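In what follows, a single structure is set out as structure tokens and then discussed.
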Amino acid sequence: MALDRFLDLFLQRKCPLCGRSTPDFVCIYCSRALLACQAAQFCELKTPLPLFRWGVYDDALKRAIATCKYNHQPRIATFLGQQMGIRWQKEKDTQKLPKMAVVPIPLHPDKLKQRGFNQAELLARGFCDITSMPCRPDLLQRVKNTKPQMETKSVQARKDNLDGAFITVKNKTKQPILLVDDIYTSGATMTAAVTTLTQAGYKIGAMLVLARTGLHDR
């Protein structure tokens, strides 16, 4: 990380999304394109648990997520997490919520070893850099190596895929929890995580995702 900061300061690096030379991590053109993907409505659901989503899973944001995960560009997730934090601090719907412990949806150890990083955790850490909320990836673990939810073909298949997927440590924080993930598809992943944490005695305050599939509004 120190080397990355040195290179950012003294060298013209290439934007990981388009290849243009840029003094910043993401060039001004890609930054504008990503910010244009923000959803008009930040609070997607208010009950039973608030669900916040930063952007629309389309265009530049969809490409950025794929580049991050499959072209080994973890700093994209940190950058987007910071954008999530900036919006969180500006929105009226979040001002009434208490300060929470931020828990990213974990990867299975095998998948983490293969990818080298958990994009949800990097989103959470970028978010916490802006909001100063504590990041607690230690509170939730994935013990079942599930297939990607987008590869399942039905609601029941998504539920079965995540049955017994998570375990947690009991009563390590009294703060309510903000669950963070990159993509919200059917909600099965979040539901499984909420169930596991609730059964262990935690209180879930809200859910936050970078993008939600199937929605194309601005």
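The values are calculated or read from the model by the stated rules, or taken from the named source; none is laboratory data. On a predicted model such as this, the values are computed, not experimentally measured, just so you know. Note: ideal-geometry Cβ built from the backbone for every residue, glycine included; neighbour counts use all protein chains shown.
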Please find, among GLY126, GLY55, GLY85, the residue that is within 22 Å of THR191 (Cβ to Cβ) and not hydroxyl-bearing (Ser, Thr, Tyr).
GLY55
Among (1) outside any helix (DSSP H, G or I); (2) of a type outside the set (Asp, Glu); (3) over 22 Å from LYS170 (Cβ atoms), the one test that ARG125 misses:
(1)
Restricting attention to segment 46-85, report how many residues are closer than 17 Å to GLU121 by Cβ, of a type in the set (A, V, I, L, M, F, W, C) and in contact (Cβ under 8 Å) with a residue 60 or more places away in the chain.
6
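Name the residue, out of GLN41, GLN89, that is surrounded by fewer than 16 Cβ atoms within 10 Å (Cβ to Cβ), at pLDDT 95 or above, under 27 Å from PRO134 (Cα atoms) and not aromatic (Phe, Trp, Tyr).
Numbers: GLN41 fails: at pLDDT 95 or above.
Going through GLN41, GLN89 in turn, the sole match is GLN89.
May I ask you to verify whether ASP217 is outside the structural domain of ARG75 (by TED's automatic domain parsing) and either modelled with pLDDT under 95 or in a loop (DSSP other than H, G, I, E, B) (or both)? Quick ask: steps written out before the conclusion?
On the way: outside the structural domain of ARG75 (by TED's automatic domain parsing): yes; either modelled with pLDDT under 95 or in a loop (DSSP other than H, G, I, E, B) (or both): yes.
Yes, satisfied.
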With the condition kept exactly as written, say whether any residue in segment 122-143 is of a type in the set (Gly, Ala, Ser), touching a Ser or Thr at 6+ places or on another chain (Cβ under 7 Å), assigned by TED's automatic domain parsing to the domain that holds THR185 and modelled with pLDDT of 95 or more.
yes
Quick count over segment 148-171, residues being at pLDDT 70 or above, under 24 Å from LEU112 (Cα atoms) and part of a loop (DSSP other than H, G, I, E, B), is 5
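Would you mind finding the one in THR191, THR196 that is on the phi < 0 side of the Ramachandran plot, of a type in the set (Ser, Thr, Tyr) and either at pLDDT below 90 or surrounded by fewer than 16 Cβ atoms within 10 Å (Cβ to Cβ) (or both)?
From the options THR191, THR196, the qualifying one is THR191.
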